[in-house]
Amino acid sequence: MLRNLLALHQIAKRTVSSASRRQFENKVPEKQKLFQEDNGIPVHLKGGIADALLYRATMILTVGGTACAMYELAVASFPKKQD
């Protein structure tokens, strides 16, 4: 516990530098061209395979969750009869 606090204290004492050690290439103009291109693809899918997978996973979870909720609602609306 004490070691963690000392490590946190060391990190807090360090100065934050705005100068980057590496210079990265600016990819914003390329991304702007990609997303502004009129090619019939919806903007939420223009990012590539990762966007398509996230979209499909979201749709599957949404449809599955809705079906599960409807099933549970139907089960709850018809209680079992007691003899």
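Quick notes on this structure:
- Filter result (at pLDDT below 90 and either among the charged types (D, E, K, R) or open to solvent by 70 Å² or more (accessible area, probe 1.4 Å) (or both)) within segment 19-30: A19, R21, R22, Q23, F24
- Residue in segment 6-18 that is part of a helix (DSSP H, G or I), at pLDDT 90 or above and on the phi < 0 side of the Ramachandran plot present: no
- Selection over segment 33-83 of residues that are surrounded by 10 or more Cβ atoms within 10 Å (Cβ to Cβ) and in a loop (DSSP other than H, G, I, E, B) gives a count of 4.
The values are calculated or read from the model by the stated rules, or taken from the named source; none is laboratory data. Note that this is a predicted model, so its numbers are computed, not measured. Positions of Cβ are generated from backbone atoms using ideal geometry, with glycine treated the same way; all protein chains shown enter the neighbour counts. Just the protein is used for accessible areas: all its heavy atoms, side chains included, with ligands, DNA and RNA removed. Shrake-Rupley method; radii C 1.70, N 1.55, O 1.52, S 1.80 Å.
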